[in-house]
Amino acid sequence: MLKINRQQKRKKKITIIVVLLLLICTGTAITLLCKANNKKQAVKTFKPKHSNTSRMNNRESIIPRSTSENQSGGQYTPWTAKRTDGTKIAYLTFDDGPSVNTEKILKILNQNSIKASFFLIGKNAENYSNLVREEFADGEVVGNHTYSHQLNYKEGPSIFVNDINKCEEVLKSILGQNYNLKLVRFPGGSFGPKLVPFRDAVTKSGYRFIDWNDEIGDADGYNLPVTTLLNNLKKYTTQNTVVILMHDAGAKTTTVQALPQIIQYLKSKGYGFDTLQ
Ligand SMILES: [Zn+2]
């Protein structure tokens, strides 16, 4: 009788241990499954920091600037559109030149009797002064894109303005002292609250600045296929007044290739063309 009792007790003990072990195993399995699932979700929701979508969402409208911005610093009187009567106008703009591609772009523009606006990097202008003169002689608008094209804005606003002044001096030395457009495009655009002091300083120094509300996405990589550039244009050309960001830097060969089709597409959608003033 005593023996049977002992055996029963042992059986009970074993059963309890087995049940406990099972519970521990199940718990661990559930925890591991949850962790794996969280990881999956994290991958799903991750978006690259500089994706096209996020850049477009951060984009400010060119006209007018928001009230909150006006309250946060100095008086901003940036560029405004010449026409606000609902006419469809496309402003083609080319940044980062001049380069070997500029001549080809000028040829395409002339073939189509279209003028564009170029925002020149001062040190490139020094290297291609003949192209700066050619742009100006053709009636293109020659704007200022700073001398050294610093994108990180780590230096203060006064150093930034110095860089703009330096570019203007280069343009004056090439085009003559009467050159006085005072139209700037910030490297990477003037978007976001971080650049308020910079926008302030630029305005106080007598310059106007202009961003964009349309683009072909040629800043996203080298030699992007023409079809990609055209698809971006179709996607972002949504307003009556479009200021289109493009680049005439030396590496942007497919922008040159895409340009005739870009012009064709805009014409087919009823856009006329003009230069920034
Ligand atoms: Zn640039």
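Listing for the model above:
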quantity	calculated
Near pairs, Cβ below 6 angstrom, 6+ apart or cross-chain, from the range 178-207 (exposed (fewer than 15 other Cβ atoms within 10 Å of the Cβ)) to any residue that is charged (D, E, K, R) and part of a helix (DSSP H, G or I)	none
Residue in the range 232-244 that is surrounded by fewer than 21 Cβ atoms within 10 Å (Cβ to Cβ), in contact (Cβ under 8 Å) with a residue 40 or more places away in the chain and in contact with a helix residue (DSSP H, G or I) (Cβ under 6 Å, 6 or more places away or on another chain) present	no
Single residue of Val170, Val184 found to be under 30 Å from Asn112 (Cβ atoms), within 15 Å of the ligand (Cβ to nearest atom) and hydrophobic (A, V, I, L, M, F, W, C)	Val184
Hey, Ser66 open to solvent by 10 Å² or more (accessible area, probe 1.4 Å), out of contact with any Ser or Thr (no Cβ under 8 Å at 6 or more places or on another chain), at pLDDT 95 or above and away from the ligand (no atom under 16 Å from the Cβ) or not	no
Given (1) within 16 Å of the ligand (Cβ to nearest atom); (2) at pLDDT below 95, number of the condition Thr238 does not satisfy	(1)
Index of the failed condition, Thr255 passing every other in (1) within 16 Å of the ligand (Cβ to nearest atom); (2) of a type outside the set (A, V, I, L, M, F, W, C); (3) touching a helix residue (DSSP H, G or I) at 6+ places or on another chain (Cβ under 9 Å); (4) over 17 Å from Ile114 (Cβ atoms)	(4)
Selection count, the range 180-189, where residues are touching an Asp or Glu at 6+ places or on another chain (Cβ under 8 Å) and farther than 15 Å from Asp163 by Cα	1
Single residue of Asn130, Asn162 found to be of a type outside the set (Lys, Arg), under 18 Å from Gly206 (Cα atoms) and free of Cβ contacts under 8 Å to residues at least 12 places away in the same chain	Asn162
Meets criteria (more than 15 Å from Asn213 (Cα to Cα) and open to solvent by less than 30 Å² (accessible area, probe 1.4 Å)) for Val256	yes
Residues (surrounded by 15 or more Cβ atoms within 10 Å (Cβ to Cβ), within 16 Å of Lys88 (Cβ to Cβ) and at pLDDT 95 or above) located in the range 259-277	Ile262, Ile263, Tyr265, Leu266, Tyr271, Phe273
Failed condition for Tyr128, given (1) under 30 Å from Tyr265 (Cβ atoms); (2) within 21 Å of the chain's Cα centre (by Cα)	(2)
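The values are calculated or read from the model by the stated rules, or taken from the named source; none is laboratory data. The structure presented is a predicted model; accordingly, all values stated were derived computationally and were not measured. In this analysis, Cβ positions are derived from the backbone assuming ideal geometry, glycine residues included, and neighbour counts consider all displayed protein chains. To get the accessible areas, we keep the full protein, side chains included, count just its heavy atoms, and leave off ligands, DNA and RNA. Shrake-Rupley method; radii C 1.70, N 1.55, O 1.52, S 1.80 Å.
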